[in-house]
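What follows is a single structure, written as structure tokens, with notes after it.
The values are calculated or read from the model by the stated rules, or taken from the named source; none is laboratory data. The structure presented is a predicted model; accordingly, all values stated were derived computationally and were not measured. Every residue, glycine as well, gets a Cβ built from its backbone with ideal geometry; the counts of neighbours run over all protein chains shown. When the accessible area is computed, the model is the full protein with side chains, heavy atoms only, and any ligands, DNA or RNA have been set aside. Shrake-Rupley method; radii C 1.70, N 1.55, O 1.52, S 1.80 Å.
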Amino acid sequence: APYEADAQLAWLSQNGHVDVVISEDSDCIPFGCNKVLFKMDKAGNGLLYHAKNLSSCEKLDFLHWTNDMVLDMCIFGRL
């Protein structure tokens, strides 16, 4: 790919060209992927991140968070 793969995958995800992105790279989240399957094993099982379910997190209150707010959290988490 001529550019950062995470950004291209996010574009495909946001524009409905893929149902889910399979990756080991959590950078797919701040780039805006709607669904990411992490840690997929040989049987096809893994951990599914789904952006629309973020507000149902019980340990942190993500209700009304935008993608920009998630991006800011990821940036500040790396400082």
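Within the stretch 9-30, residues that are assigned to a loop (DSSP other than H, G, I, E, B) and open to solvent by 60 Å² or more (accessible area, probe 1.4 Å) sit with their Cβ atoms under 9 Å from residues that are modelled with pLDDT under 85 and hydrophobic (A, V, I, L, M, F, W, C), at 6+ positions apart or across chains, in these pairs: SER26/CYS74. Looking at the stretch 31-49, which of the residues that are of a type outside the set (Gly, Ala, Ser) and not in a strand (DSSP E or B) is surrounded by the most Cβ atoms within 10 Å (Cβ to Cβ)? Residue satisfying both the conditions and the ranking: CYS33.
Contact map, the stretch 50-79: residues that are farther than 18 Å from ASP25 by Cα and open to solvent by less than 60 Å² (accessible area, probe 1.4 Å) paired with residues that are outside any loop (DSSP other than H, G, I, E, B) and of a type outside the set (Phe, Trp, Tyr), Cβ distance under 7 Å, separation 6+ or inter-chain. Pairs shown: PHE62/LEU54; PHE62/SER55.
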